[in-house]
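Report on one structure; see the data block that follows.
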Amino acid sequence: MESVLRARNWLKTPVGRLARWVSEVKERKLCAKRRKGRGRDRRGRGRCGRFGRTPPLRTAQPKDPSIICSYQKDLEKERKLREAKNAQKNAERAAMRAHFRRKYHLSESTRDTNHLKSVGGKVSLPRKLSKIIHSNSQTKDSGFNLLSAFQGLGFGTAELQGGKRSKTSPPAPAACRVQCPSERWSRFKDVRLRMEEGNNRSQLWSGADGTHLAGTMRSMYIPVTVCVRAQGPRNALCAAAPQRSFCVAVAPGKLEGGKGPERPGGRQRGADGRVRSFQEIPHTGRSGLINLVKFWREDRFRQIHKHMERTFDALGPIYREHVGTHSSVNIMLPQDIAELFRSEGLHPRRMTLQPWATHRETRQHSKGVFLKNGEEWRADRLLLNKEVMMSAPVQRFLPLLDEVAMDFCRMLRARVEKEGRGEEGKRSLTLDPSPDLFRFALEASCHVIYGERIGLFSSSPSMESQKFIWAVERMLATTPPLLYLPPRLMLLVGAPLWTQHASAWDHIFSHAEARIQKGYQRLSSSQAGGSEAGGRYTGVLGQLMEKGQLSLDLIKANVTELMAGGVDTTAVPLQFALFELGRNPEVQERVRQQVKTSWAQAGGDSLKALQGAPLLKGTIKEILRLYPVGTTVQRYPIKDIVLQNYHIPAGTMVQACLYPLGRSAEVFKDPQRFDPGRWGGARQEGQSAGGFRSLAFGFGARQCVGRRIAENEMQLLLMHILRSFHLSVLSSEDLKTTCTLILQPETPPRITFRKL
């Protein structure tokens with residue numbers, strides 16, 4: 001065995017050298033064979049081999065002319081094919097550039113036009129590029145049908161498709177040309193649109209941008225100019241990307257019986273018929289810093305709702321504003337708000353209150369659904385909805401709210417009887433009800449959220465609860481200025497404004513922490529004793545803890561936000577409601593009679609009583625129309641949209657301004673009049689139809705999470721007050737309002753309560 005190993009080691013070196021020599025010989029032969037196969041290049045020089053440039057091959061040139069001609073033809077064919085491919089690629093790029101130039105209203109390029117002409121004006125785009133151009137088109141090309149674009153407007157098919165006219169149809173229009181490579185729009189055709197008999201409201205929309213052109217119209221023939229863009233196969237472009245859309249231009253003076261051009265509140269098309277760019281939106285000033293200084297100097301933060309109303313009157317139904325670090329597009333008409341909400345996506349996003357978020361981050365608190373976005377927000381919100389928004393939990397916590405409302409009225413009756421003036425049994429008392437309303441809102445919120453009373457209606461209410469109310473007011477007052485400043489910078493320099501804001505939040509969290517600890521101990525003791533609190537509703541906190549689908553930190557964050565957002569936002573609208581009912585005795589009496597009848601028929605069932613008194617719900621909606629708690633509702637559209645014929649890029653913060661909306665004569669008939677009956681469902685003459693007119697609690701999946709609690713809380717209290725008292729005011733003048741984070745009266749109104 002040892003001899004075999006020695007022989008193997010002795011032969012290892014020579015065998016390795018022999019193998020390397022053989023491989024090098026084979027490699028040199030293979031390289032020579034490849035060079036001989038490639039021959040010479042077109043200039044007669046040798047090609048580069050593996051080891052550098054090789055010398056010219058000394059092979060004889062072919063002497064047969066036919067071989068040379070054939071070779072030259074092949075070269076020419078390859079050259080033409082290569083040039084055709086390059087032209088096609090250049091045309092594809094030119095077509096895409098032309099599409100985006102037209103989309104963003106940029107000037108045309110002669111170079112791109114020449115590229116398109118070089119391929120005959122038609123370009124076959126790859127599938128991915130075609131999807132960009134036809135992102136909203138159907139998967140199967142069914143051709144363009146002008147009639148389908150005007151669905152529901154009731155004019156004959158034969159008029160638009162070249163068929164025979166009926167005896168009653170208008171004259172057939174002239175033929176329409178399509179766009180050529182060298183033209184932006186080629187020809188126009190006039191189409192007479194016959195509105196159906198009795199259809200007093202019809203709307204014309206352009207398919208590309210959804211622009212509303214005509215409002216209320218009588219049954220008549222309206223001459224409309226229709227521009228049809230070039231059509232073609234799905235993957236074909238003619239000078240620009242084809243759009244399955246059309247533009248409709250209505251001549252001024254043809255609407256509303258020839259009363260003149262479109263009103264300022266309607267959508268206006270540019271002079272050249274195009275959708276205007278984002279930069280063309282009217283604005284209040286381009287410098288955020290200068291605007292911020294103006295806001296501070298003129299105290300616009302406290303009058304932001306009035307500022308919005310004045311700006312809409314001056315600039316129209318849409319404008320841009322840049323204040324400090326805050327930029328937005330502001331709108332006020334329902335059709336624009338509807339378009340905004342259609343583009344909010346699966347995870348609607350509204351403006352993040354950065355001061356609140358910064359406080360959570362610096363104190364290492366979890367964020368509730370109010371400050372979250374995306375999938376994380378949706379998961380938490382779906383769990384919360386089951387406890388505060390669905391009909392089953394509403395029926396469970398409604399008796400708790402009713403109990404607090406009746407206790408409030410008993411306390412008020414005792415106070416009127418003790419401090420009031422007049423005959424026995426008909427005494428009256430004039431007072432500022434705002435402190436009592438704040439205590440009612442906190443007592444009711446705690447009863448629903450924690451499942452326990454905190455005794456604010458006793459003769460000696462807790463000072464800790466009063467401090468909580470003061471902390472909420474301070475937090476709301478310091479939030480608006482911090483929205484326009486970097487909170488991190490304010491924290492770094494130790495600004496007094498930030499210190500007050502953070503201290504207020506700290507007190508709110510400490511109050512909520514104490515209540516949560518009590519609720520947790522009560523729940524633990526009841527479970528240890530084998531009981532379920534005697535079948536009593538344990539509040540939102542108890543339900544969330546029992547199910548255990550949210551962590552304790554998330555429960556604490558969401559419960560704290562519910563508490564902080566459920567006091568002022570309920571107590572302040574109740575102040576406005578008592579004032580408006582007091583200065584409108586006819587409306588007050590009408591609502592009272594309906595409430596009394598409903599209460600008697602319900603037999604003490606609060607849910608049935610509310611269902612039988614629609615004017616009570618209309619009263620709340622009317623109050624929130626005139627005095628919206630939050631002045632705006634914000635969304636960030638997930639796709640490009642067109643509002644008032646202006647292009648709004650995706651991701652832009654758009655605000656629906658509720659105060660100007662609620663007081664607009666274009667949306668509401670006699671908007672300054674307090675009329676709960678306008679929400680009865682029947683459309684009144686001269687009043688805008690459709691939704692998106694009542695948005696005090698927001699809309700859709702991102703509406704206020706405490707909406708059901710607040711609505712029922714306010715309705716139940718008004719119901720018991722109207723059953724017990726007649727309301728009046730000392731002065732019927734309009735209340736002066738101011739805005740912290742919510743809208744509230746500058747001076748709380750004094751209300752006279754007279755026992756019935």
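The values are calculated or read from the model by the stated rules, or taken from the named source; none is laboratory data. Keep in mind that this is a model prediction, so the values were computed, not measured. Note that we place each Cβ from the backbone using ideal geometry, even for glycine, and neighbour counts take in every protein chain shown. Side chains included, ligands, DNA and RNA excluded: accessible areas come from the protein's heavy atoms. Shrake-Rupley method; radii C 1.70, N 1.55, O 1.52, S 1.80 Å.
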Compute the convex hull volume of the Cα atoms of segment 275-420, divide it by the residue count, and report the result per residue in Å³ as a whole number.
-> 253 Å³
Provide the packing ranking of 568-574, 349-355, 385-391, 615-621, i.e. peptides ordered by the mean count of other C-beta atoms within 10 Å per residue, highest first.
-> 568-574, 615-621, 349-355, 385-391
Chain lengthening between Val493 and Thr430 when straightened (0.36 nm per residue, less Cα-Cα) | 18.0 nm
What span do the alpha-carbon atoms of segment 603-756 cover on each of the three principal axes, reported in whole Å from largest to smallest?
-> 58, 36, 34
The extension gain from Ala414 to Leu382, computed as 0.36 nm times the residue separation minus the Cα-Cα distance, is 7.2 nm
Once you have a ≥ b ≥ c as the square roots of the Cα gyration tensor eigenvalues for segment 353-430, tell me rounded if a/c is under 1.5, and otherwise prolate or oblate according to whether a/b is larger than b/c.
-> oblate
Would you mind counting up the charge near Ser732? Only other residues with Cβ under 12 Å from its Cβ, with Lys and Arg at +1 and Asp and Glu at -1.
-> -2
What are the ³J(HN,Hα) values, in whole Hz, obtained from phi via the Karplus relation 6.51 cos²θ - 1.76 cosθ + 1.60 with θ = phi - 60°, for each residue of segment 590-604 in sequence order, with x given for Gly and Pro?
-> 5, 5, 4, 4, 5, 5, 4, 4, 5, 5, 5, 6, 6, x, x
Please find the FRET efficiency linking Gln611 to Ser510, where r is the Cβ-Cβ separation and R0 is fixed at 35 Å, and quote it to the nearest 0.05.
-> 0.30
Could you give the accessible area per residue of segment 338-488, probe 1.4 Å, as a whole number in Å²?
-> 42 Å²
Show Asp112, Asp407 ordered by accessible area, largest first, where the area counts protein heavy atoms only and the probe is 1.4 Å.
-> Asp407, Asp112
Quantify, in whole percent, the carbon and sulfur part of the accessible surface of segment 598-733 (1.4 Å probe; protein heavy atoms only).
-> 47 percent
Considering only Cα-Cα distances, which of the following residue pairs are longer than 32 Å: Lys367/Lys467; Lys372/Lys608; Lys85/Lys639; Lys669/Lys736; Lys639/Lys669; Lys547/Lys608?
-> Lys372/Lys608; Lys85/Lys639; Lys639/Lys669
Based on the Kirkwood radius over alpha-carbon pairs, what is the Stokes-Einstein translational diffusion coefficient of segment 516-646 at 37 °C with 0.692 mPa s viscosity, in µm²/s?
-> 171 µm²/s
Once fully extended, how much extra length lies between Met463 and Gln517, figured as 0.36 nm per residue of separation less the alpha-carbon to alpha-carbon distance?
-> 17.5 nm
When ranked by the protection proxy of mean other Cβ atoms within 10 Å per residue, highest first, what sequence do the peptides 307-318, 461-472 form?
-> 307-318, 461-472
Under 1.5 on a/c is rounded, so check that first for segment 281-327, then, if it is not, pick prolate when a/b is larger than b/c and oblate when it is not; a ≥ b ≥ c are the square roots of the alpha carbon gyration tensor eigenvalues.
-> oblate
Which net charge results when you count Lys and Arg as +1 and Asp and Glu as -1 among the other residues whose beta-carbon is under 13 Å from that of Lys621?
-> +1
Tell me, rounded to the nearest percent, the portion of alpha carbon pairs in segment 440-582 spaced more than 19 Å apart.
-> 60 percent
If every Lys and Arg gets +1 and every Asp and Glu gets -1 at its Cβ, then about the Cα centre segment 616-756 yields a dipole, in debye to the nearest 20, of 400 debye
Most to least packed among 544-556, 415-427, 485-497 [average Cβ atoms within 10 Å] = 544-556, 485-497, 415-427
Between Glu375 and Gln601, Cβ-based FRET efficiency (R0 60 Å, step 0.05) works out to 0.80
Say each of His365 and Ser70 gets a label point 7 Å from the Cα, pointing the same way as Cα to Cβ; how far apart are those two points in nm?
-> 8.8 nm
Classify segment 575-639 as rounded, prolate or oblate, taking a ≥ b ≥ c as the square roots of the eigenvalues of its Cα gyration tensor: rounded when a/c is under 1.5, otherwise prolate if a/b is larger than b/c and oblate if not.
-> oblate
If you roll a 1.4 Å probe over segment 408-479 with all protein chains in place, what percent of the accessible area is carbon or sulfur?
-> 48 percent
Counting sequence-distant residues (5 or more places) and residues on other chains, those with an amide H built under 5 Å from that of Leu643 are Ile648
